[in-house]
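Every number in this text was worked out from the coordinates using simple rules, so none of it is lab data. Treat the numbers as computed from the prediction; the structure is a model and nothing was measured. Note that we place each Cβ from the backbone using ideal geometry, even for glycine, and neighbour counts take in every protein chain shown.
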């Protein structure tokens, strides 16, 4: 979503600005237009709400085709368009074929007699790189960070603010990296806990989570229970340094760290005294040998 479109959905947007969209404003891309109209169709102002619904119904074929062919479209926007335009066979098939089209929409279209194509599963992200022998280099060059200043990220973040828990959980189960970055910080523990179980989560993301001040303890327990993730030195080290990691796990990972890291942790005031004391003992033991 462009900043222009996002501005139309921001709190405090004048009624006149909203009405300019529902009465024919055409300086928005097809996807932005459909998305803005969808949200305005739920506006508190009856005039805006009804006008947006009418314009959604009147969207021409070329606009609908562009929306249905776009890379990312909110599932609720696709659902609204499908229910309004299901009698337009070609458009309905395109909407049903969109990777963001949800199951309920596809069922609706199938019940309406549309030849709904098989689900196209998203392509999985490439597996994370194998750890090098040097633990300090395990993640060098791996995974580009999410650009939280990009329009795509801001658009998804704004959409997340309008979603209910059930919808967030659904996206958390299979969403892309931008969605995972947003929803892992969600205040609802069911939502954030679902993200870490997303099969597309990479080790680089796990490391970032383990290093963060995440509030959901369950997330760290899931990480600790994953044998593949804790094979990674940097993840183990981050778990030791995270005060929310269960102490038995932290102690176990502590014993696998290098002398250099043990020396640092032995002096650290940012971990529990139990861990720093054990770090000193392990360090002394290693030096004796």
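So what does the Cα-only Debye profile of region 210-285 read at q = 0.14, 0.18, 0.26 Å⁻¹, as log10 I(q)/I(0), no solvent term?
Those come out to -0.39, -0.64, -1.25, one per q.
Build a GNM of the chain with springs between Cα atoms under 10 Å: which of 71, 236, 55 gets the top mean-square fluctuation?
Evaluated over the chain, the most mobile residue of the options is 71.
Would you mind listing how long region 3-111 runs along its three principal axes, going by Cα atoms, in whole Å with the largest first?
Answer, in whole Å and largest first: 39, 25, 22 Å.
What are the radius of gyration and Dmax of region 1-49, computed over its Cα atoms and given in Å?
Looking at region 1-49, its Cα Rg and Dmax stand at 9.6, 25 Å.
For the chain, what size does the Cα cloud have along each of its three principal axes, sorted from largest down, in whole Å?
If we take the Cα atoms of the chain, the spans are 80, 42, 30 Å.
Cut-off 10 angstrom, C-alpha nodes, Gaussian network model of the chain. Which of 31, 165, 77 fluctuates the most?
The residue with the greatest mean-square fluctuation here is 165.
Would you mind estimating how fast region 169-232 diffuses translationally, via Stokes-Einstein at 20 °C and 1.002 mPa s with the Kirkwood radius over Cα pairs, in µm²/s?
186
Over region 135-256, what is the relative contact order in whole percent, taking alpha-carbon pairs under 8 Å and six or more residues apart?
Relative contact order here is 21 percent.
Which value in nm describes the separation of the simple spin-label points at residue 23 and residue 107, placed 7 Å from the Cα toward the beta carbon?
With each label point 7 Å from Cα toward Cβ, the separation is 4.1 nm.
If I take every Cα pair under 8 Å that is 6 or more residues apart in the chain, average their sequence separation and divide by the length, what percent do I get for the relative contact order?
Normalised by residue count, the contact order of the chain is 10 percent.
Pull out the extension gain between residue 264 and residue 90, defined as 0.36 nm times the separation in residues minus the alpha carbon to alpha carbon distance; nm, one decimal.
Result: 56.2 nm gained on full extension.
Residue 281 to residue 252: extension gain in nm, 0.36 nm per residue of separation minus the Cα-Cα distance?
Answer, rounded to one decimal: 9.1 nm.
Translational diffusion coefficient of region 135-256 at 25 °C, 0.890 mPa s, Stokes-Einstein with Kirkwood Rh over Cα pairs, in µm²/s as a whole number.
Translational diffusion coefficient: 164 µm²/s.
Between residue 225 and residue 273, take the C-beta separation as r, use R0 = 41 Å, and let me know the FRET efficiency to the nearest 0.05.
The computed FRET efficiency comes out at 0.95.
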